[in-house]
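Accompanying notes for the structure given below.
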There are 2 protein chains.
Amino acid sequence: EATQRGRVMSSRAKVLTIDTMNPTVKKVEYAVRGPIVQRAVELERELSEGIKKPFAEVIKANIGDAHAMGQQPITFFRQVLALCSYPELLNDSTFPEDAKSRARRILQSCGGNSMGSYSASQGIDSVRQDVARYIERRDGGVPCDPDNIYLTTGASDGIVTMLKLLVCGEGATRTGVMISIPQYPLYSAALAELGAVQINYYLNEEKCWSMDISELQRALDEARRHCNPRALCIINPGNPTGQVQSRQCIEDVIRFAAKERLFLMADEVYQDNVYADGCQFHSFKKVLFEMGPEYSNTVELVSFHSTSKCYMGECGFRGGYMEIINMDNEVKAQLTKLVSVRLCPPVPGQALMDLVVNPPQPGEPSYENFIKERTATLSALAEKAKLTEQVLNTVQGISCNPVQGAMYSFPRITISAKAVKEATDKGQQPDMFYCMKMLEETGICLVPGSGFGQKDGTYHFRMTILPPTDKLKILLNKVKEFHQKFTQQYT
Amino acid sequence: EATQRGRVMSSRAKVLTIDTMNPTVKKVEYAVRGPIVQRAVELERELSEGIKKPFAEVIKANIGDAHAMGQQPITFFRQVLALCSYPELLNDSTFPEDAKSRARRILQSCGGNSMGSYSASQGIDSVRQDVARYIERRDGGVPCDPDNIYLTTGASDGIVTMLKLLVCGEGATRTGVMISIPQYPLYSAALAELGAVQINYYLNEEKCWSMDISELQRALDEARRHCNPRALCIINPGNPTGQVQSRQCIEDVIRFAAKERLFLMADEVYQDNVYADGCQFHSFKKVLFEMGPEYSNTVELVSFHSTSKCYMGECGFRGGYMEIINMDNEVKAQLTKLVSVRLCPPVPGQALMDLVVNPPQPGEPSYENFIKERTATLSALAEKAKLTEQVLNTVQGISCNPVQGAMYSFPRITISAKAVKEATDKGQQPDMFYCMKMLEETGICLVPGSGFGQKDGTYHFRMTILPPTDKLKILLNKVKEFHQKFTQQYT
């Protein structure tokens, strides 16, 4: 009671308190950087202060942060960024000519030839043109208008902006947005903050996390009783689930969206992260256009991409773009106005996005090395995807779908009734209890499945496949040992 | 009626239309990149296509975009950024040692020694430490805890985040936020989007745009009848008004905020842009702490800074920070959680912020050149501030307060009744009519005062002082000629 009084007293003293702050912000959750990661940072500090732990280092397999896990940047990209940052280097003969010509082109598109100038709010014109040409090549010639490209501060920025446009109504007419479960928690966080209704549709774990139209229909029909469903979000390749959707599935989803009048949001930031034999990335846009004008002239679609994933892994630059298709012209004008308030996405991130969509071409001096570096990174990822699935599936009580794409495995774990009870007694989700214990005992930082959503009574964790192969092997063995020990302890 | 029907038809076809989109987004306005700037971009395109105009080039004096106006970046900053982008250059003997040691320090703070890694959501630790030391030096030793520093994506990002935390309640209990009129329209745009109540207090144009406590009191008392005023925003040095507040005024404002229980938001991004004799920048934090523990232990304050202004002008990198003072611990935890959803501010912008707060020191190889470049830029700005005021005040019907700081003049212009009528007939604000006409006739792009707010019946425009001196002289003469012609035409 004394603390309660103390809290009230301090509430009276401050203008802004937990009781008087924005209630929608309080509802926001983001497990990828949640309590378990905060504890990991503490443990790292304790280790650095010489405090003894049962492990020598913390391994953060919680976030798709490739360079932090030792992945090397693409040399060509960084050369161009250095040239753009300090154009004196254009006189340096050690830089290849193709890097210099890219840098010159980017600088010519910047006010005063400086990356320090604001760009147009929609992004630099020439970068948007390059993005459009990239999309056309990727999609076998389906036309792309640079005017439909918006550069963004990472994909997250674009996703939040689009959701913001879509939200309206109150009570039973409030906008509902369909998201997959498991999902990437940016979506749930943004919907909570915007006060929109989150509509969960479940991916089919038994069929390698595929999407079932019947499940979409079930979720939609139920939601229509209490809100106004207006958008459907898809992450392909999947985060946290690593599946790659078939062309047929995408076609079915588009048909469903058309029939049910849903705005499609396709999160395609892992479009170059496809590893499994027989799997291939199909963009929603390409499939939409192949379905003919009945669909391609009507279905509203936005697709997101980023510099942070794929073989680049340049998260820190916060580069990204979105392409809007069939958006109402008046809404588009509102979108352009809205993004202008924040002036522009970071220009170095725009420059990097330009390089991603317009890398060295055959015959250019940097081409061979670029291909070598890209191939090495993607091959290593493919190998690690396989390895992760294989090792995890050797553990009794862990079952892992193939990591077909993206950068994560999302295995299902068996947690005994005894462990569930102990977690519940502590007020913790059972998989949070499991992951927290793993962190304390092994130094491995994973994210509990509850942070992404999962079917009631099932438990998972998300683990990135990003550590270097040697380290990943050690990590997987530690996970195996921990799981065995944990199972033994709580049986 | 046919178009009305057409509109309804197309509304039926699309999921997302102007009638079904987020209504708060529709209320957002941002004049700095509004219709006049869109027209300026069109005119530039027409010129480049060879279409004849009464001018040879468009001069954009609408936005504080220094590099676009020819200001040169600081060599040291760009050297370090190049080294961080492409660390191979650390072996290049042409780079000075102090630039290399800064780059090494920044890279050591990045995961995997790469700017491509995500940083902590609050910003890189070592950068926050450098920011804290900078603030302590600036404020004569007032202590600063790095844990109170949040790096941001430009200052805009921090401002919007803080406003977001503050908004709650409905109807008569809805959060109200006091902003100056004239104001920088990011504030009104963010408040509109958040659905908060904008409370206008007027700056005193007759006394060089100073703040009167009696006017704050009037605005607050009126607002209390229909909302819950919780925060007071101040821009010092002023945007768009260019005034620098006295120490006494800041003390009075702090006392007012304490008495009325208002959260203070101090936008101090122009802290190094002070030109007028007898004027000096006083940070709100320093004054707060000099007022003693009665204030320094209680008044909640946030201060914003940025890499975009001052002598740096590095807008494109979107670097910035905010310092929070006396924030409730639970709210601070919510703030940290909220920023984690967007992962991190752009790392190159964080690196740049680090250099701004920790520039070359006496005795280091780059020191002299850094001082030379910084002084040249700030002296030129001081000269242009003076020149702008002087020339504008020679024009009958234009009256301009001294540009004591920041980067803008905000002169008052006389618009005749006849011109006001013609504008009103066209459905335009009279100063928009005036500025649009100036753009079409001279190619000069200014922002009408109505985009920032002004007393009813008064008209202004905002003009940056950033063009190079020679060009600025031509520009000012063109403004003069245009005003005379306009006045003649509409008398």
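Please treat every number below as a calculation from the coordinates, not as lab data. Note that the structure is a prediction, hence the values are computed from the model and not measured. As a convention, Cβ positions derive from the backbone with ideal geometry for all residues, glycine included, and neighbour counts pool all protein chains shown.
Odds and ends about this structure:
- Pairs beyond 30 Å (Cα-Cα), from A:Lys286/A:Lys372; A:Lys27/A:Lys478; A:Lys14/A:Lys455; A:Lys286/A:Lys332; A:Lys337/B:Lys455; A:Lys421/A:Lys455: A:Lys27/A:Lys478; A:Lys14/A:Lys455
- Antiparallel DSSP beta bridges within segment B:105-357, percent to nearest 5: 40
- DSSP bridge pairs, chain A: antiparallel proportion in percent, nearest 5: 50
- Neighbourhood charge, 12 Å Cβ-Cβ cut-off, centred on A:Pro362 and excluding it, Lys, Arg +1 and Asp, Glu -1: -3
- Treating each Cα of segment B:105-357 as an identical point scatterer and summing with the Debye formula, the log10 of I(q)/I(0) at q = 0.08, 0.11, 0.15 Å⁻¹ comes to -0.30, -0.57, -1.08.
- Shape class of segment B:315-462 from the Cα gyration tensor (axes a ≥ b ≥ c, square roots of the eigenvalues): oblate, since a/c reaches 1.5 or more and a/b does not exceed b/c.
- The modelled label-to-label distance for the pair A:Asn297/A:Ala333, using points 7 Å beyond Cα in the direction of Cβ, is 2.4 nm.
- The Cβ shell under 10 Å around B:Leu151 holds other residues with a net charge of -1, Lys and Arg each +1, Asp and Glu each -1.
- Zone residues, segment B:371-387, relative to A:Glu88, backbone N less than 19 Å from point 7 Å out along Cα-to-Cβ: B:371-377
- Spatial offset of segment B:197-225 relative to segment A:285-312 amounts to 50 Å, using the alpha carbon center of each.
- Judged by the mean number of other Cβ atoms found within 10 Å, the most tightly packed of the peptides B:286-292, B:372-378, B:91-97 leads the ranking B:286-292, B:372-378, B:91-97.
- Mean partner shielding of peptide A:328-336, defined as the number of other chain Cβ atoms within 10 Å of each residue Cβ, is 6.
- Relative contact order for chain B, counting Cα pairs under 8 Å that sit 6 or more residues apart, in percent: 21
- Judged by the gyration tensor of its Cα atoms, with axes a ≥ b ≥ c, segment A:98-148 is oblate; a/c meets the 1.5 cut and b/c is at least as large as a/b.
- Shielding of peptide A:23-30 by partners, expressed as the average count of other chain Cβ atoms within 10 Å per residue Cβ, is 5.
- Protection proxy ranking, peptides B:360-367, B:70-77, average beta carbon neighbours within 10 Å, highest first: B:70-77, B:360-367
- Most tightly packed first, judged by the mean number of other beta-carbon atoms within 10 Å of their residues, the peptides A:25-38, A:476-489 read A:25-38, A:476-489.
- Average beta carbon contacts from partner chains per residue of B:72-85, 10 Å cutoff: 5
- FRET efficiency, A:Arg255 to B:Ile213 (Cβ-Cβ, R0 60 Å, nearest 0.05): 0.40
- Other-chain or far-sequence residues with amide H under 5 Å of A:Leu232's (modelled H): A:Met178, A:Phe263, A:Leu264, A:Met265
- Efficiency of FRET between A:Arg174 and B:Ser246 - r from beta-carbon atoms, R0 51 angstrom, step 0.05: 0.55
- Per-pair calculated FRET efficiency, R0 = 56 Å: B:Thr414 and B:Asp147 via Cβ, rounded to 0.05: 0.60
- Oblate is the label for segment A:266-357, because a/c, from the alpha-carbon gyration tensor with a ≥ b ≥ c as root eigenvalues, is 1.5 or above and a/b does not exceed b/c.
- The protein assembly as shown - Kirkwood radius from inverse mean 1/r over Cα pairs (Å): 29.5
- Look at the alpha carbon pairs under 8 Å that are at least 6 residues apart: their mean separation over the length of segment A:152-307 gives a relative contact order of 22 percent.
- The Cβ shell under 13 Å around A:Lys337 holds other residues with a net charge of +3, Lys and Arg each +1, Asp and Glu each -1.
- Only helical runs count toward this figure. For chain A, summing -39,500 (n - 2.57) over DSSP H runs of n ≥ 4 and dividing by all residues gives -14000 deg cm²/dmol at 222 nm.
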